[in-house]
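A short worksheet on the structure shown next.
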Amino acid sequence: MPEHAGPGTTSTVVAATPQRAVDVVVVGAGPAGSAAALEVARAGHSVVLLERGPYPGSKNVYGGVVYGRVLDELVPRWWEQMPVQRWVTRRSTMIMTPTQALTVDFRTQAWAGPPYNGATAHRSDLDGWLAGLAEKEGAVLVPSTVATGLLRDTAGAIVGVRTDRPDGDLTAKVVIACDGVNSFLAKEAGMFAGKPTGHVTLGVKETLRLPRSVIDERFGVAGQDGVDIEILGCTRGIPGGGFVYTNLDSLSVGVVVDPHGLAGKRLRPEELVADLKRHPAIEPLVRGGELLEYSAHLIPEGGYDTMPELVGDGFLVAGDAAAMCLAAGIWLEGVNFALGAGMYAGRAAVDALKVGDTSKTGLASYRRMLDESFVLADHRKLRRVPGLVLGQRMQESYPAMLCDLAQGLFHVDNPQPKPGLLKLVRRTLKRHGIRTRDVVSDALTGVRSFG
Amino acid sequence: MTYDQPAFDDHMSTVDFEVARRPHITVNNEVCRSCRTTDCVYACPAKLFVPTSDGGILFNYEQCFECGTCYQVCSGQGALSWTYPDGGHGVAFRKG
């Protein structure tokens, strides 16, 4: 009976000898997996990098910006070789109602040159480049191959993976699961036992072709400079948000929503994208764009409290598989967390191999390195923010209230004199049924988290 | 379903698939017929779950994004049998 990867897979018990086919198997050639394989290969150990798609990135979709700073630790002067579409020099946060939009728009030329900050990229390019770096160091990339389950010894330690190739069992001293948001291997390993599951959002995206010069004009940029716009209030009250970002000669526009919220409103995700594309603040930007590709992916947005156990006997979890996407309102990041976690997982595997102990104890340096770095420090600090951002007030009341406040501020109602600012605030809050104590409570949560 | 159906087919025609012989997801209509929420019909980004007149679900795996949304939103015990396609098959995004 052929085996397949999915929910509820079970492990196969094997008589594991000290001889293993390879030192490390990494499952998934995304940013986490390739960073892990790169570090293991660099240290001189044998490593196989499995990828279920025909090429790295073929199963991957993301929502905007790769923050490359962590790559400084992996690739000197990475910006000279990374397949970048545009360097983000304008970062906007837009809040909207169906007829209004209020934007905080920041731009800096400091991000237009080395060492840069964020970049847009197509995942098939980016992930292929990262996997190529690992291959150059000696990692063996095996595409078109699914890890369908774990191999365990009689004591329960993980000693390899089963794949869907003929004679596909592959034994290893360490398995690093970077198998993405559905993380079937981590679930099979029991890493999610007792953890809340299902904290995922659905991202849908359209990539629209437009001439490079048109994009430059519409977004007010030149050369390889680019723009990322994050949007709140564009999902008809379903928890989520939207985005528009520039590639070199295309735009990507999409929404991210709680998939459980769609049926209740009888809405489909592509209708929300169509809505956004028709919005008076967005339509002039995307007008005439020819659809190059429609895509979708789940995003693990639950944050710190929804992360699985990260270390087991012979087993590490990194990237989306470990729910490491950061969805904290003004910050939406994932690729950088995957790169960081994968890098530390690779280093922890190397530490463990060096002392000949790949048990949970031997691999414990992974958790320590994550704790001491941005990967878990940011997530711990911002653990309450996903709940705040996806709550009803932040999703519906505040965007509408802030847009009305701005309209009240700039609307000249002569012969009426201008209203006092405090009066305007009180009146706007009241009109939107927002209680002062909720504002204060949300502000405190915000200050405690972001402060 | 409605007049926007051709437009959505245009969406899906922009995506590359290496369609496998094995349907990697199947639905059990015995369970679906008793479902009152039909979350999958709304949430599946590829619009692969189509309600039938007898209260069941018509499902075609061929243009699946393999995202996992259906198994996340499905509340019917045993309604979905969900796996990834075998290696090299299924969706292949170029602009993700």
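The values are calculated or read from the model by the stated rules, or taken from the named source; none is laboratory data. If you're wondering where the values come from, they're calculated on a predicted model, not measured in any experiment. All Cβ positions, glycine included, derive from the backbone under ideal geometry; neighbour counts span all protein chains shown. These area figures cover heavy atoms from the full protein model, side chains too; ligands, DNA and RNA do not enter into them. Shrake-Rupley method; radii C 1.70, N 1.55, O 1.52, S 1.80 Å.
Applying the condition of being part of a loop (DSSP other than H, G, I, E, B), within 17 Å of A:E188 (Cβ to Cβ) and hydrophobic (A, V, I, L, M, F, W, C) to the stretch A:137-158 and asking which residue is most open to solvent (accessible area, probe 1.4 Å) yields A:A155.
Evaluate the following for A:E309: is it touching a helix residue (DSSP H, G or I) at 6+ places or on another chain (Cβ under 7 Å) and of a type in the set (D, E)? Considered against the rule, which asks whether it is touching a helix residue (DSSP H, G or I) at 6+ places or on another chain (Cβ under 7 Å) and of a type in the set (D, E), A:E309 comes out as no.
Filtering the stretch A:278-291 to residues that are within 14 Å of chain B (Cβ to nearest Cβ) and either under 22 Å from the mean Cα position of the chain (by Cα) or open to solvent by 50 Å² or more (accessible area, probe 1.4 Å) (or both) leaves A:R278, A:E290. Scanning the stretch A:385-414 for residues that are of a type outside the set (A, V, I, L, M, F, W, C) and crowded, with 17+ Cβ neighbours inside 10 Å returns A:P386, A:R393, A:Q395, A:E396, A:S397, A:Y398, A:P399, A:D404, A:G408.
Looking only at the stretch A:339-375, how many residues end up being outside any loop (DSSP other than H, G, I, E, B) and either open to solvent by 10 Å² or more (accessible area, probe 1.4 Å) or without any contact (Cβ under 8 Å) to a residue 40 or more places away in the chain (or both)?
Residues of the stretch A:339-375 outside any loop (DSSP other than H, G, I, E, B): A:339-355, A:365-372, A:374-375.
Now narrow it down to the ones that are either open to solvent by 10 Å² or more (accessible area, probe 1.4 Å) or without any contact (Cβ under 8 Å) to a residue 40 or more places away in the chain (or both): A:344, A:347-348, A:350-351, A:353-355, A:365, A:367-369, A:371-372, A:374.
Summing the residues that are outside any loop (DSSP other than H, G, I, E, B) and either open to solvent by 10 Å² or more (accessible area, probe 1.4 Å) or without any contact (Cβ under 8 Å) to a residue 40 or more places away in the chain (or both) in the stretch A:339-375 gives 15.
Please return the ranges of strands (runs of 3 or more DSSP E) entirely within the stretch A:160-234 where 2 or more residues are over 27 Å from A:C403 (Cβ atoms), more than 10 Å from chain B (Cβ to nearest Cβ) and not hydroxyl-bearing (S, T, Y).
Details: elements: A:170-177, A:200-209, A:225-232.
In the stretch A:160-234, A:170-177 are the strands (runs of 3 or more DSSP E) which contain 2 or more residues that are over 27 Å from A:C403 (Cβ atoms), more than 10 Å from chain B (Cβ to nearest Cβ) and not hydroxyl-bearing (S, T, Y).
For the stretch A:11-26, filtered to residues that are open to solvent by 10 Å² or more (accessible area, probe 1.4 Å), closer than 16 Å to A:S46 by Cβ and not polar (S, T, N, Q), the residue that is farthest from the chain's Cα centre (by Cα) is A:P18.
Restricting to the stretch B:61-96, name every residue that is of a type in the set (D, E) and either modelled with pLDDT under 95 or under 10 Å from the mean Cα position of the chain (by Cα) (or both). Can you show your working first?
Taking the stretch B:61-96 as the starting set, the residues that turn out to be of a type in the set (D, E) are B:62, B:66, B:86.
Selection gives B:E62, B:E66.
Selection of the stretch A:98-136 for residues being within 30 Å of A:L272 (Cα to Cα), acidic (D, E) and open to solvent by 40 Å² or more (accessible area, probe 1.4 Å) yields A:D105, A:D125. Looking at the stretch B:26-38, is at least one residue at pLDDT 95 or above and within 11 Å of chain A (Cβ to nearest Cβ)? No, because not a single residue in the stretch B:26-38 is at pLDDT 95 or above and within 11 Å of chain A (Cβ to nearest Cβ).
Anything in the stretch A:31-60 that is touching a Cys at 6+ places or on another chain (Cβ under 6 Å) and either open to solvent by 50 Å² or more (accessible area, probe 1.4 Å) or assigned to a loop (DSSP other than H, G, I, E, B) (or both)? List them, or say none. Working first, answer last.
First, the residues of the stretch A:31-60 that are touching a Cys at 6+ places or on another chain (Cβ under 6 Å): A:32-33.
If the condition is that a residue be touching a Cys at 6+ places or on another chain (Cβ under 6 Å) and either open to solvent by 50 Å² or more (accessible area, probe 1.4 Å) or assigned to a loop (DSSP other than H, G, I, E, B) (or both), then no residue fits.
Scanning the stretch A:244-267 for residues that are open to solvent by 10 Å² or more (accessible area, probe 1.4 Å) and within 14 Å of A:E206 (Cβ to Cβ) gives a single hit, A:V256. Confirm whether A:G6 is out of contact with any Lys or Arg (no Cβ under 8 Å at 6 or more places or on another chain), closer than 22 Å to A:P56 by Cα and outside the structural domain of A:C178 (by TED's automatic domain parsing). So A:G6 passes the test. If I ask for residues that are surrounded by fewer than 19 Cβ atoms within 10 Å (Cβ to Cβ), without any contact (Cβ under 8 Å) to a residue 40 or more places away in the chain and either among the polar types (S, T, N, Q) or over 24 Å from A:V255 (Cβ atoms) (or both), which ones from the stretch B:32-59 would you list? Listed by number, the residues that qualify are B:R33, B:R36, B:T37, B:T38, B:T52, B:S53, B:D54, B:G55, B:G56, B:L58.
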